[in-house]
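The block underneath contains the structure these notes are about, expressed in structure tokens.
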Amino acid sequence: MSTLESGTPMPADPVIRIHGLRLGYGSRPVIEAVDLRIIAGEFWFLLGQNGTGKSTLLSALLGLLRPQAGTIIRHPEFASRERIGFVPQRCGMNPNLPTTVREFVRLGLAGLRIDRKGRADRMAWALEKVGLQGHETENYWSLSGGQRQRVVVARALARRPSLLIMDEPTAGLDPAAETTLLGDIAGLNRHEGLTVICVSHDLATAARYASNVALFHGGHVQAGPAREVLTAENIARVYGVGLDVHWRNDRPTAADDRPGTLS
């Protein structure tokens, strides 16, 4: 019998612990036999080709999809979604509706019981963290694509989350905007202990920022430290290409996605 429950964390403060998870739609499983443990302060990238279950797993983590089998055990802090921030792949708002940056970010506070000063403080903090302080009164739709996506991230950060979940947050951004956005998130992860789960198709980006990786392929998930999972053999099996990565300390510092070898 499938369950989705909140529970007491295991040692080392896991934010989420998944065991024997099967997810799907109707009678068709998309992923199965998934075991995953996400520790507070880790930066996870979910990688794999289209249709392999990455966004399906995000839906389950957000409580939007019930498991067909297995368990998702969340830290009690995340029994509600108050401490979870979510960055969708697409904005979903009507571009014909005039919306200021302040109004857009304020949407991230929906459902939270916070006084007016607390709301203002959170919005100011979120915009500062993505480098958009001073843009509060500008029309959201007048901003560049990279700035708009940073506002979407600020909307999620306004909740002051302990866990940030992102579904392809850099899709459609140019390299400079992508670097700025992920640099902001990486800073929050390193300096404030924000736990991050990010769906991406970009192997180079994952190699640069990830502490941990989950590779989705053939209905299964291989997960663990980035250094152990992002091997030439695994990448060739999932994508059919090689990857060059240069490592320093516990994380890689540079990578690209042209064919090559993993070193």
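The values are calculated or read from the model by the stated rules, or taken from the named source; none is laboratory data. Everything quoted here is computed from the prediction, not taken from an experiment. Quick reminder, even Gly has a Cβ in these numbers, built from the backbone with ideal geometry, and neighbours come from all protein chains shown. Note: accessible area is taken over every heavy atom of the protein model, side chains too, but ligands, DNA and RNA are not part of it. Shrake-Rupley method; radii C 1.70, N 1.55, O 1.52, S 1.80 Å.
Miscellaneous remarks
- In a simple Cβ point-charge model (Lys, Arg +1; Asp, Glu -1; nothing else charged), the chain has a dipole of about 700 debye relative to its Cα centre.
- Burial order of peptide ranges 104-110, 199-205 (average beta-carbon count within 10 Å, highest first): 199-205, 104-110
- Net lengthening on full extension, Glu233/Glu82 (0.36 nm per residue, minus Cα-Cα): 50.4 nm
- Heavy-atom surface of region 1-140, accessible at 1.4 Å and reported per residue (Å²): 52
- Per residue, region 141-193 exposes 36 Å² of accessible surface when a 1.4 Å probe is rolled over the protein heavy atoms with every protein chain present.
- Across the accessible surface of region 105-192, with the other protein chains kept in place and a 1.4 Å probe, carbon and sulfur atoms take up 47 percent.
- Over the chain, relative contact order from alpha-carbon pairs under 8 Å, at least 6 apart, %: 23
- Inter-centroid distance (Cα atoms) of region 165-181 relative to region 135-151, Å: 14
- Residue-averaged 222 nm ellipticity for the chain, from DSSP H runs of 4+ at -39500 (n - 2.57), nearest 500: -8500 deg cm²/dmol
- If you take the Cα centroid of region 212-234 and the Cα centroid of region 42-120, the two points sit 24 Å apart.
- Taking 25 °C and 0.890 mPa s as conditions, region 109-173 diffuses translationally at an estimated 195 µm²/s according to Stokes-Einstein applied to its Kirkwood radius (Cα pairs).
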